[in-house]
Amino acid sequence: MTASPHPVLPDERLAAGVARLAVRHHGRYSVETVQRLMVDSYERLADAAQVRTHLVVLAERFTTERLDALAHVESPTGGGRPRVLFVCSHNAGRSQMAAALLAHRAGAAVIVSSAGTHPSGAVDPHVVQALTEAGIALDEAYPKPLTDEVVQAADVVITMGCGDACPVVPGHRYLDWPVADPDDAPIAVVRSIREDIDARITDLLDSLSPST
């Protein structure tokens, strides 16, 4: 039997998501391109998922981020908002915390994303608690893998403990933050990590500009 040239979507809801994104990117990306990214996003998230109840929804959100990043790489807009990417190993602690704090403080002035070189299945509950105490909700946060287009689209890549697996793309601005890992740490330690990251974000914001 000859294999189908296109991947088979594992859920009719994924097909609906492909249709929505294809309309959004009509004239830029074909339905086949959107479908390929959607299936790839679904499979990458499924590899680490602990609960699959909302996996289709997350796959569409992940695909949306990847398509937007790809569009920026192909047609960068001069003088636009700086794009900052935080990367750690599992995208469950430090990078999630940093992204949430930067997005909270910068608002719409900065495009923020995060990813993990080996993403886990869920955000660390103490990280969620520490951010909630600071008035920041992580209701929609989820660990996601690092992808080429998201790295390429970033103006600033901040690595946090991912070692040799951290991405390196010539021409990008790189920072490495030696922040403690909150994995399995007590809440008091996670609060101190939150404060450490927040102080670093103060310095980052001072250095960012629309032309970063």
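The values are calculated or read from the model by the stated rules, or taken from the named source; none is laboratory data. Bear in mind that the values here come from a model prediction, so they are computed numbers and not experimental data. Glycine gets a Cβ as well: all are built from the backbone with ideal geometry, and neighbour counts include every protein chain shown. In case anyone asks, the SASA skips ligands and DNA or RNA and just uses the protein heavy atoms, side chains included. Shrake-Rupley method; radii C 1.70, N 1.55, O 1.52, S 1.80 Å.
A few comments on the model shown:
- Rolling a 1.4 angstrom probe over the chain with all protein chains present gives an accessible area of which 52% lies on carbon and sulfur atoms.
- Whole-Hz couplings from phi, Karplus 6.51/-1.76/1.60, listed for segment 172-183; x for Gly and Pro: 8, 8, 10, 10, 10, 9, x, 9, 4, 7, x, 4
- With K and R counted +1 and D and E -1, the other residues having a Cβ less than 10 Å from that of PRO76 yield a net charge of -1.
- P(r) tail for the chain: Cα pairs beyond 29 Å make up 26% of the total.
- Against the empirical curve 2.2 N^0.38 Å, the C-alpha radius of gyration of segment 72-184 lands at a ratio of 1.03.
- For the chain, with +1 on Lys and Arg beta carbons and -1 on Asp and Glu, the positive-most of THR117, ALA46, ALA106 along the dipole: ALA106
- Average accessible area per residue (Å²) across the chain - probe 1.4 Å, nucleic acids and ligands excluded: 50 Å²
- Ordering of 22-28, 68-74 by burial proxy (mean other Cβ atoms within 10 Å per residue, highest first): 68-74, 22-28
- Potential lengthening between ASP198 and TYR174 on full extension [0.36 nm per residue; Cα-Cα distance subtracted]: 6.8 nm
- Distant alpha-carbon pairs in segment 19-93 (separation over 18 angstrom), percent: 49 percent
- What you get for the chain, charging only the Cβ of Lys and Arg (+1) and of Asp and Glu (-1), is a dipole of about 520 debye around the Cα centre.
- Mean Cβ count within 10 Å, highest first, over the residues of peptides 113-121, 94-102: 94-102, 113-121
- For the chain, the list of Cys residues with no other Cys C-beta under 4.7 Å reads CYS88.
- Take each peptide in 36-48, 81-93, count the other Cβ atoms within 10 Å of every residue, and average; sorted highest first, the result is 81-93, 36-48.
- As a length-normalised measure over Cα pairs under 8 Å and 6 or more apart, the relative contact order of the chain settles at 21 percent.
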